[in-house]
Number of protein chains: 4
Amino acid sequence: MERKGLGHPDVLCDRASEELSIKLSEWYLDTFGRIMHHNVDKCVLSGGQSNARFGGGEVIEPIYLLLVGRAVGIVNNDRSSQAPIGKLAVRHTKRWLADTLPNLDVDSDIIVDYKIRCGSTDLVGNFEENVDIPRSNDTSIGVGYAPFTDLERLVYESEILLNSRKVKYRYPEIGEDIKVMGVRCNNNINLTVANAIISGECADASEYLTVKDEIKEIVLGKADDILNGKEVTVDVNTADDPEAGIYYLTCTGTSAEHGDDGQVGRGNRTNGLITPKRPMTLEAAAGKNPVSHVGKTYNIAARRICNKIIDELPEVTDASCLMVSKIGKPITEPQIMEIEIHAENSRAEITSSIESIVEEIIQELPVIWKGFLNRQYELY
Amino acid sequence: MERKGLGHPDVLCDRASEELSIKLSEWYLDTFGRIMHHNVDKCVLSGGQSNARFGGGEVIEPIYLLLVGRAVGIVNNDRSSQAPIGKLAVRHTKRWLADTLPNLDVDSDIIVDYKIRCGSTDLVGNFEENVDIPRSNDTSIGVGYAPFTDLERLVYESEILLNSRKVKYRYPEIGEDIKVMGVRCNNNINLTVANAIISGECADASEYLTVKDEIKEIVLGKADDILNGKEVTVDVNTADDPEAGIYYLTCTGTSAEHGDDGQVGRGNRTNGLITPKRPMTLEAAAGKNPVSHVGKTYNIAARRICNKIIDELPEVTDASCLMVSKIGKPITEPQIMEIEIHAENSRAEITSSIESIVEEIIQELPVIWKGFLNRQYELY
Amino acid sequence: MERKGLGHPDVLCDRASEELSIKLSEWYLDTFGRIMHHNVDKCVLSGGQSNARFGGGEVIEPIYLLLVGRAVGIVNNDRSSQAPIGKLAVRHTKRWLADTLPNLDVDSDIIVDYKIRCGSTDLVGNFEENVDIPRSNDTSIGVGYAPFTDLERLVYESEILLNSRKVKYRYPEIGEDIKVMGVRCNNNINLTVANAIISGECADASEYLTVKDEIKEIVLGKADDILNGKEVTVDVNTADDPEAGIYYLTCTGTSAEHGDDGQVGRGNRTNGLITPKRPMTLEAAAGKNPVSHVGKTYNIAARRICNKIIDELPEVTDASCLMVSKIGKPITEPQIMEIEIHAENSRAEITSSIESIVEEIIQELPVIWKGFLNRQYELY
Amino acid sequence: MERKGLGHPDVLCDRASEELSIKLSEWYLDTFGRIMHHNVDKCVLSGGQSNARFGGGEVIEPIYLLLVGRAVGIVNNDRSSQAPIGKLAVRHTKRWLADTLPNLDVDSDIIVDYKIRCGSTDLVGNFEENVDIPRSNDTSIGVGYAPFTDLERLVYESEILLNSRKVKYRYPEIGEDIKVMGVRCNNNINLTVANAIISGECADASEYLTVKDEIKEIVLGKADDILNGKEVTVDVNTADDPEAGIYYLTCTGTSAEHGDDGQVGRGNRTNGLITPKRPMTLEAAAGKNPVSHVGKTYNIAARRICNKIIDELPEVTDASCLMVSKIGKPITEPQIMEIEIHAENSRAEITSSIESIVEEIIQELPVIWKGFLNRQYELY
């Protein structure tokens, strides 16, 4: 199981799509009082070229990021209030990039481009019609589960910690492109961390090796907190080959600067992890319309249901949820809603408690979009 | 659970990446006697615009397909035998597209473009070094399972049948962009088929409705074969709204012609399905280097192991496999190899049989690339 | 003075723009009975990469051609008859390219792309309003002169002859990218011909040199016809350096295949020549709207006036014409119309004859667009 | 005759190409001690979309600028000092744009992209070989003349004045996209000025009309200085139609923000003017290699010769010069050097004086590149 961190090329694409969806939604709300149809859930990043070396280096061929999708531009043929799709795409993407990757110079290290067209009549119609309760744009599956296993927590929190302000403040050498993979083999837990080191902050190989040790210590410390003494090993940047002069160095903190490409929907699922043996959908939540795109909302709802079950019903040790929408039906009427739990006690009251929880979350679906606009749900 | 068919925008991207990898591999083999490093596992499709209507219509703004990745272009600084990356990307993509989507005019309905650069030194080095047994390019997870459930078989085979020559010959109205979703709710099985109908082959609404009925009958017939009389319902193109004049019509057989975008790795997993409650990885096999990219080869190997177990050990009813590579280690030495089975009898001999099967498949890994070049494994 | 021939990158761009304008105009006429506003007079060609060698070679990185401009797509908000701008751009460009450059494989040697948007309200308005006589879209200058000098004729006709079917039939080695430069120094006339030779048709250096000799002979033959015995020297492909293995070889007949870029409006003026010491405008006629774009129509009109004066008034040996439009005024009311002639006799009747000629050509301006659609005027 | 000003789309392209050539040249000098081969003399600008209105508005779809050409990236296969072509293209273009167009937000109103490849072997070889005196890259023509007529001066200086700091400080409403056309009809001189007005600086139509009056007065004032009392009329923004609400308003000061496209080499010649009845070449000086590209250097040299003749030989009232290079020959050995003068006195000494001037300028050709890097010559 793994987690791709903040600066990973796939995660950058996820975020680019989702942030654009948020900005479009806000603009629609401001202008028309409602969120118009859009779907910008495709984005591709073509890696640049850099000459990172200890103590410096620069990006010599910029990263190229292409946002792809469609969005309502003109409503009722009124061209005077046409949505500034391109402006939002270009400006806003650079802004959050500058915040997220302080070592990336958004003026020269990346080209942000877009191909965003008007949607097809069919889906647009589907969306426009709904007045009270939005209708599902598609027949889609959402899944969720709770709680995390210890290993899942460890993988997840290790990346969060390594990318925290606190750690960055102390170790400016630690870049944002971090991938943490965790495997459990019998009782042995191993974490493999791939962490781009900032070349300009790292004078030489010796400093680099020190930073690697620190990363290892940080993750081991986190493991101590979580694993209750279970055995764990941590490997950092295992592809390094000091004799051949090969280190995982980047000028900007992301491997996108030198050849690594990315795409939306290829990284973490909506719980922040990739978990091959747990329920997962292939839907990319990022960039989808937060009102009617059940490929986005049902994944969040399913996870919320599981979390709430675990929080409120102490006898439940494990919950998973699968929801299936029906295209054209109100989003509050999934065709399938399947909950599986493990519990320690008898199930009579549990069932009705779960039903209440499900009902509550389902009833919130028509306004779940507010949570997306507030960046309140994890999406990748 | 679902399957995206031949002409779905995501599947077109998967195929574009994989076919380019095959052509590059063939060229490298012809020229250098070995497959050089490449990774072209990113591709984005930006939908076009069409005016499909009963009896005709045309694509008025072409689909735009962008292949992204990197590949070795020049070996030993010998520019006289530079890899014709662009030529392979542009020409070959159009050729298989023309074969696959006979109603798509590759001269005017699609623009094939590419951004493919040289890989980073790190990974290139990793790959070049290996002489006998390739080394893993990354720490990646591969998963597989067998056999399919009845419902999985039904979903899978329904699409294969609808896209078969036999059906197409009889119903030229049936386009290649077919999505089949299957859900089981208690004992009820429901299949939802979204199938783009070819506008030029369909004179009017009445013919369209007849074709929808035929599609339904075809799928019901397949269900009869597979489900042994279990109850099944089939819905086709449920977003249609004849009163509003909304039908799922396309000139070319793919929704990519009018606004639907696509990407590599967003569709079927390497068994041809998307199965949220079964083991899945997020790795896109398509477009990856077939020699050292374990994100590609381990998924195929894991599935082959499971299939072989089911085929050869009748007492095993169900097998799943998880393999984890270690970056830089020989691909024949996974750090984790986990097999889970359900069997009806005692396990003594089974274990050793399974170990033999695993060993056999693992030992074939160094030449598994041949199977990719022969298009012998399903990848999406 | 010089002429860039059929296959020169700049000329390919000129033609791409003009052919698109013609196709758009035809579509508008068919659909709306009139030519709608468009201006597609920008186009850039980014050269490819090839490995031409005696006897063969191939384009390994395709040429990239980007058509740029704007055109009316939707009239009266009727989306059902939206102009197929992209389809026309992509399909038609490839068709004439395939005809023009038989050694270019339009399926793999070139990517045709476009960025064509709706025009600004201002100019669109300007154009829409006019009912009877179109109004000038701008204040522009058109110039023309007649007749050609002997040297001008020789430069012009040499390229035409080298690119004629007759010559190509006999010498398939002669590529379409031909540049002829003529200079007169005192009484010595020198022609420098740069002619891309088709690598696949030319087995070795000896055949190449033979073809160069033939080209020289062909041009000398043409010089004999035109120059009445004046001394002339002809140099062909003077950058060749056989000792260094440098020849002007191409797979496709155009230098665009290997690094030479092109643009609209950088080649021949509307008389087919670049003549630094004669009247020229910088306006690119190619790709402009043939109805109201005076930067296109006035150049043709000015040349037609001069040609007619020379044809009909034998005593006039030389005529030049300058016309200036006024934005927003009917195109039949230039603000300046200046004619200069050299004549051998008294001028009384000449003046009135010239006035009649001018009047006649001016009165034809409202329908001059027909001549552009018939490809009756030279534009580049 | 006309002049396109600072913010005209064609001039922006010219400048983009030339500035990139300068930055590349500086980088080559710093790194290798000499200027390596490059030719970036193609650039296309695809206009954006804006909603300028009195008092405000914004660019809603960014301008797209594509730099095209080739440049040496790697010397002697040393990839560690690869030229940062992309970085220079993207960063530097935005920097001078931000300086030049203060109302253009380079972060969101424009996308700067590039397609710049390695040059063909032929020209690269040609250039690399030369050690002392560079050799001509082509057979090209350069022309120049001096002095300006009064009208030429007026057109030229009017734009300079309107785009001066002094005027901008007083009238921030005056945008940088200014086109001045001057025509002389008998003794009447008319200037037509098209000047984009900054929407955010102009509250309403009445202020707009006031600014137009001011522009007219500024130009009339300049005319007073230059024309010695000759009659002159000045028209500003003649396409305006207040009744229809049509004004020449832009948010950014350039018409590129809303549909107007541009290209290199389509604007002013190397004397800053377009003069249809005077000697002109079609060569775009901007973006060419300043060492060996005679299409750039000969135009500047020819003009310098004429200026020097006029400055130093008071009896000469008018001089023009035509130079023709020979591909592969030293740039100091033009095959043709033609000077035409009008003088008031006998010519004996003049001839030798002119010869000295010519000799002097020719001898400076091997170091003329320094002047380009210092931006000492006008190029567009």
Please label the shape of chain C as rounded, prolate or oblate, based on the square roots a ≥ b ≥ c of the eigenvalues of the alpha-carbon gyration tensor (a/c under 1.5 means rounded; beyond that, a/b larger than b/c means prolate, else oblate). oblate
May I ask you to list the GluC sites (Glu not before Pro) in the stretch B:212-288 that are in a DSSP loop and have at most 13 other Cβ atoms within 10 Å of their Cβ? B:231
Run the label-point distances for residue B:74 please: 7 Å along Cα to Cβ, every other copy, nanometres, shortest first. 0.4, 4.8, 4.8
Taking a label point 7 Å from Cα toward Cβ, how far is residue D:169 from its twins in the other copies, in nm, shortest first? 4.6, 7.4, 8.5
Placing one identical point scatterer on every Cα of the protein assembly as shown and ignoring solvent, what is log10 I(q)/I(0) from the Debye formula at q = 0.04, 0.08 Å⁻¹? -0.28, -1.06
What are the aspartates and glutamates whose alpha-carbon lies under 18 Å from the alpha-carbon of residue A:370, with same-chain residues fewer than 8 places away excluded? A:18, A:19, A:26, A:30, A:132, A:360, A:378
If every Lys and Arg gets +1 and every Asp and Glu gets -1 at its Cβ, then about the Cα centre chain B yields a dipole, in debye to the nearest 20, of 1060
Extreme residue, positive dipole direction of the stretch A:2-122, given options A:5, A:101, A:22 (C-beta unit charges): A:22
Connecting C-alpha atoms closer than 10 Å in a GNM of chain A, tell me which of A:135, A:117, A:34 has the biggest fluctuation. A:34
Rounded to the nearest 5, what % of the DSSP beta bridges within the stretch C:89-236 are antiparallel ones? 65
Using the 7 Å Cα-to-Cβ label point, sort the distances from residue B:370 to its equivalents in the other copies shortest first and give them in nm to one decimal. 6.4, 6.8, 7.1
With only Lys, Arg, Asp and Glu charged, each at its Cβ (+1 for the first two, -1 for the last two), find how big the charge dipole of the stretch D:150-263 is about the Cα centre; round to the nearest 20 debye. 460
The stretch C:2-132 - charge dipole about Cα centre, Lys and Arg +1 at Cβ, Asp and Glu -1, debye rounded to 20: 200
Let me check the size of the stretch D:150-263 from its C-alpha atoms; what are the radius of gyration and Dmax in Å? 14.1, 41
Charge tally in the Cβ shell below 13 Å around residue B:300, where Lys, Arg are +1 and Asp, Glu are -1, residue B:300 excluded: +4
Of all DSSP beta bridges located in the protein assembly as shown, what percent are antiparallel, nearest 5? 75
Counting only other chains, and only Cβ atoms inside 10 Å, what mean value do you get across the residues of C:60-69? 6
Listed residues A:227, A:72, A:361: farthest to the positive end of the dipole of chain A (Cβ charges): A:72
What is the order of D:43, B:306, fewest Cβ neighbours within 10 Å to most? B:306, D:43
Taking every residue in B:98-111, how many Cβ atoms of other protein chains lie within 10 Å of its Cβ, on average? 3
Relative contact order of chain D: what whole-number percent is it, with Cα pairs under 8 angstrom and at least 6 residues apart? 26
Can you show me the helix-derived [θ] at 222 nm for chain D, built from DSSP H runs with n ≥ 4 at -39,500 (n - 2.57) apiece and divided by the number of residues, rounded to the nearest 500. -10500 deg cm²/dmol
Assertion target for B:230, A:166, A:370, ordered by fewest C-beta neighbours within 10 angstrom first, is A:166, A:370, B:230
Taking the rotation axis that maps chain C onto chain D, which residue of C brings its Cβ closest to that axis, and at what distance in whole Å? C:44, 2
Order by neighbour count: A:53, B:165, B:278, fewest other Cβ atoms within 10 Å first, most last. B:165, A:53, B:278
Show me C:106-112, D:309-315 ranked by packing, highest mean number of other Cβ atoms within 10 Å first. C:106-112, D:309-315
For chain A, modelled as a GNM with alpha-carbon contacts under 10 angstrom, which of A:284, A:83, A:302 fluctuates the most? A:83
Which percentage, to the nearest 5, of the DSSP beta bridges contained in the stretch D:150-263 is antiparallel? 60
Of C:58, C:344, C:359, the one that fluctuates the most in a GNM where chain C has Cα springs shorter than 10 Å: C:344
In whole angstrom, note down how far apart the Cα centers of the stretch D:1-18 and the stretch D:219-262 are. 16
Rg/Rh (Cα only; Kirkwood hydrodynamic radius) as it applies to the stretch D:1-77: 1.15
Determine the distance separating the Cα centre of the stretch D:187-205 from the Cα centre of the stretch C:284-356; give it in Å without decimals. 30
Take every residue in peptide D:324-332, count the Cβ atoms of other chains within 10 Å of its Cβ, and give the average of those counts. 3
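Computed from the coordinates by the stated procedures, all read-outs in this text should not be read as laboratory data. From a predicted model like this one, the values you see are computed outputs, not experimental measurements. Note that each Cβ is placed from the backbone with ideal geometry, even for glycine, and that neighbours are counted across all protein chains shown.
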